[in-house]
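Heads up, the thing below is written out as structure tokens.
What follows is calculated from the coordinates using simple rules that are stated; it is not laboratory data. Just so we're clear, the structure is a prediction, and the values are computed from it rather than from any experiment. Neighbour counts are summed over all protein chains in view; Cβ atoms, including those assigned to glycine, are modelled from backbone coordinates with ideal geometry.
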Amino acid sequence: MSELIEKLKTAHQLTDDELLRFLSEEQPEEALFAAADEVRRMHYGDKVYLRGLIEFTNYCKNNCYYCGIRAGNPHAERYRLTEEQILACCKEGYALGYRTFVLQGGEDPYYTDDRICGIVSAIAAAFPDCRITLSIGEKSRESYQKYYDAGARRYLLRHETADPAHYRKLHPESMSLENRKRCLFDLKAIGYQVGSGFMIGSPYQTHTCLLSDIRFLQALRPAMIGVGPYITHTETPFAEMPSGDLHFSLKIISLLRLLFPDALIPATTAFGSMHPQGRELALKAGGNVMMPNLSPVRVRKLYDLYENKICTGEEAAQCRNCLEQRIRAAGYRIVTDVGDSLVPFGQAES
Ligand code: 5AD
Ligand code: FES
């Protein structure tokens, strides 16, 4: 085992120089995955937590240069789910064993705070033993507080990149890294279990950017760290840019597990979209969460963040069975409880 993997495994920390060396030097993949898997098992055993993902709107007012559902893509066919449709997804998910529902969408002004709170409180009333996660972008602290008061307890908002110059290359002037960070710290202060993260291999990303991402995550201490390879979408300004690399992305999963032993780290859909066994590989590299799609099949292809996104044809029940087999074959076990992170967070749970 390399000296850096050894240090990561015991100290869960590297200096800036060591981190840059870790990123640029070839690491023995088997030893790295084994170290990450050992650390993951020490904290979470062989458990894999499931979160049912409901992509309820693909309207978005923003124009991130990498994203297929950006406002500036005239070819995106837009949809919104009604409260009834969202509740039907939850009902189906509940029957399949899901106890966390993740409501994800573009930044869609149609869903005012009142509408979001209405949806959240309806889910909370119908499924009192479930956790509700929101992933609907940048809002004011007051809005985040309203959603919390309505019953949301988790929030996913990837910072995307913690390097200000890199952030500018991925986003138009109307967006700012400063506001994104403000959102994440507000969410934490309110008491949410927060998920953040970034794409791996996004255009113009350097190892120094990744170093900033890691230092930012160490300051934020999120409950969940979501990362996945960047995948090119042809209807974006980055159409000519290459996608990220699968093996480098897996190396980052292991690095994150070794640096953040108690974090929830999803084997994201982007891994599965890059390689038929991508999500299993991400589990073996240190991941411990999967977020299968609970959205109605009719709209799945339309939530088109990047090319060749998987699981757009399957019914929820098919996804569940397929996952169960994949997770078992990889040597892990699905658990159906709410699956809170071991990372301590803001205020007490209600
Ligand atoms: N490739 C990979 N991930 C992407 N995301 C958006 N566009 C892409 C892409 N082209 C990720 C972003 C966002 C999350 C919902 O999806 O990190 O936060
Ligand atoms: Fe919608 Fe980036 S394109 S938030």
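Quick one: order Met274, Met241, Met42 by neighbouring beta-carbon count within 10 Å, fewest to most. Present the calculation step by step, with values, prior to reporting the outcome.
Working: Met274 23, Met241 17, Met42 10.
The order, fewest Cβ neighbours first, is Met42, Met241, Met274.
Would you calculate a helix-derived [θ] at 222 nm for the chain, using -39,500 (n - 2.57) for each DSSP H run of n ≥ 4 and dividing by the full residue count, to the nearest 500?
-13000 deg cm²/dmol
In Å, what is the Rg of the alpha-carbon atoms in segment 1-157, and how long is Dmax?
In order Rg, Dmax, the Cα atoms of segment 1-157 give 20.5, 55 Å.
List the lysines whose Cα lies under 27 Å from the Cα of Lys47, skipping any in the same chain that are fewer than 8 positions away.
Lys7, Lys9, Lys91, Lys188, Lys251, Lys284, Lys309
State whether segment 159-266 is rounded, prolate or oblate according to the following rule on the C-alpha gyration tensor (a ≥ b ≥ c being the square roots of its eigenvalues): a/c under 1.5 gives rounded; otherwise a/b larger than b/c gives prolate, and the remaining case gives oblate.
Oblate, since a/c reaches 1.5 and b/c is not below a/b.
When Lys and Arg each count +1 and Asp and Glu each count -1, what net charge do the other residues less than 12 Å away from Ile190, Cβ to Cβ, add up to?
The answer is +3.
Which of the cysteines in the chain are isolated, no other cysteine C-beta under 4.7 Å?
Flagged as lacking a Cys partner: Cys60, Cys89, Cys90, Cys117, Cys130, Cys183, Cys209, Cys311, Cys319, Cys322.
Where the centroid of each part is defined by its Cα atoms, how far is segment 221-266 from segment 9-37 in Å?
Rounded to whole Å, the Cα centres lie 16 Å apart.
Take the alpha-carbon positions of segment 283-337, form their convex hull, and give its projected area averaged over all directions (one quarter of the hull surface) in nm².
4.5
Can you report the principal axis dimensions of the chain using only the alpha carbons, biggest first, rounded to whole angstrom?
54, 42, 39
Counting only other residues whose beta carbon sits under 12 Å from that of Ile86, what net charge do I get with K and R as +1, D and E as -1?
Once positives and negatives cancel, what remains is -1.
Per 10 Å bin, what is the whole-percent P(r) computed from every C-alpha pair distance within segment 100-211?
Distribution as computed: 14, 43, 29, 13, 2 percent.
Just going by the charge dipole of the chain, with Lys and Arg at +1 and Asp and Glu at -1 on Cβ, which of Ala330, Ala95, Ser249 is farthest out on the positive end?
The residue sitting farthest along the positive end of the dipole is Ala95.
Please report, in cubic angstrom per residue, the volume enclosed by the convex hull of the alpha-carbon atoms of segment 55-114.
With only Cα atoms used, segment 55-114 gives 107 Å³ per residue.
Ranked highest first by average number of other Cβ atoms within 10 Å, how do 313-322, 22-31, 130-139 line up?
130-139, 313-322, 22-31
For Gly244, which sequence-distant residues (separation of 5 or more, or a different chain) have an amide H within less than 5 Å of its own amide H, given hydrogens modelled in the peptide plane?
Under 5 Å from the amide H of Gly244: Tyr230, Ile231, Thr232.
Quick one: in segment 251-350, what % of C-alpha pairs are over 22 Å apart?
Counting pairs separated by more than 22 Å, the tail of P(r) holds 36 percent.
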